[in-house]
Each structure stands twice: as structure tokens, then as C-alpha cells.
Amino acid sequence: MIYQLENEKKKMKQRDSDDFSGYLSEEALFELIGQVEREEMLRAPAHLKENVLTQIRKERRAGRKRQIFAYRAKVLIAMAAALTVLILMPAGSVEDERQPFLSKQTAAVSMEQAAVERRKNIDDKWEAYREEQASGGVRGMLGDIGARVSQLGKRLSWDRDME
């Protein structure tokens, strides 16, 4: 009991001193060393390691879930963009839509000739599409989409000029 009172007085003096530099004096260090040799130091709880490891596992799982969510979101956005392009792109060109009206208006062209011309037009477009796909792959397809959009814009402006 007397020893503890003396220790507390020394600690109070150290705290009250104006020249405290943050380090222990030699006397305080020897006292600390002696105390550690006499008494056992505090030990960490037995379950601390398990708790830390389980916390790390939980954080890793949460990170994986976030990565999976981000991947799913990217795929969903890509699918939505692809569907939007498919819906907004016309199936045929403006010329294809006008051809039935032109064939009805001209009596000189027979039904067979119109069917042959339509078939030839479809075959030509199919060949052009296959050549584009063979030459460009995905980049060619993206360039094709850009070209189609610009052609559509030109046709729409041409239609306005005709009216």
C-alpha cells in the first residue's frame, strides 16, 4: 500500500513537471522494467484472434458482393443499351418503305419484276452486311451503326427538303 502511494506521488510529479518531453526518465524506465519483471503483463483475450479473423472474412465477403453487384450492373446496362439500339434501329431503309408505293403507282412494272427487284435488293443488302461483318468485327459493327444513324439523318433531312 505504501509502495503504491509512492508510485502515485512519482507519477503526479512527472505529470506536473514543466519539462515533460514525452519520454520516460531513467528512473521511470527502471521502475517499469522492475514492475514488468515482478508482475505479469496484461494478456489479450483468448478469442481476440478469432474475432479479428472473422471480421476480415466478413469484409472480404462484402467486397466480393460489391464486385459482383458492380459486374451485374454493368451487364444490365449493356443489355439495356443493346435492346435500345435494336428497338430504335429501323428494320429496313427508307427506300424499302417507298418501293411498294412506287410499284403500285407505276402500271408498267409487273408484280414479278417488283418481286425480283425486291429479292435482288435484299440479297445485295445481305452481301453488304456480311462483308462489313467479315471486315470489321465488333468495331466494324459499331462503325456501321454510326453510318446508319448518319444515313438516317441525311434521309430525314432529304425528306423534309422534298416536302
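The values are calculated or read from the model by the stated rules, or taken from the named source; none is laboratory data. This is a predicted model, so every value here is computed, not measured. All Cβ positions, even for glycine, are placed from backbone atoms using ideal geometry, and neighbour counts span all protein chains on display. Only protein heavy atoms, including side chains, enter the accessible area calculation; ligands, DNA and RNA are left aside. Shrake-Rupley method; radii C 1.70, N 1.55, O 1.52, S 1.80 Å.
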Handout entry: Qualifying residue in the range 58-68 (condition: closer than 30 Å to Asn7 by Cα and open to solvent by less than 90 Å² (accessible area, probe 1.4 Å))
Key = no
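For the range 79-90, give me each residue that is in a helix (DSSP H, G or I) and closer than 23 Å to Leu152 by Cβ. Don't jump to the end; show me each part of the working.
Restricting attention to the range 79-90, the residues satisfying the condition of being in a helix (DSSP H, G or I) are 79-88.
Hits for the range 79-90 are Ala80, Ala81, Ala82, Leu83, Thr84, Val85, Leu86, Ile87, Leu88.
So which residues in the range 42-57 are open to solvent by 90 Å² or more (accessible area, probe 1.4 Å), over 24 Å from the mean Cα position of the chain (by Cα) and over 30 Å from Leu32 (Cβ atoms), if there are any at all?
First, pick out the residues of the range 42-57 that are open to solvent by 90 Å² or more (accessible area, probe 1.4 Å): 42-43, 46-47, 49-50, 55, 57.
Applying the additional criterion that residues be over 24 Å from the mean Cα position of the chain (by Cα) yields 42-43, 46-47, 49-50, 55.
Matches in the range 42-57: Glu50, Gln55.
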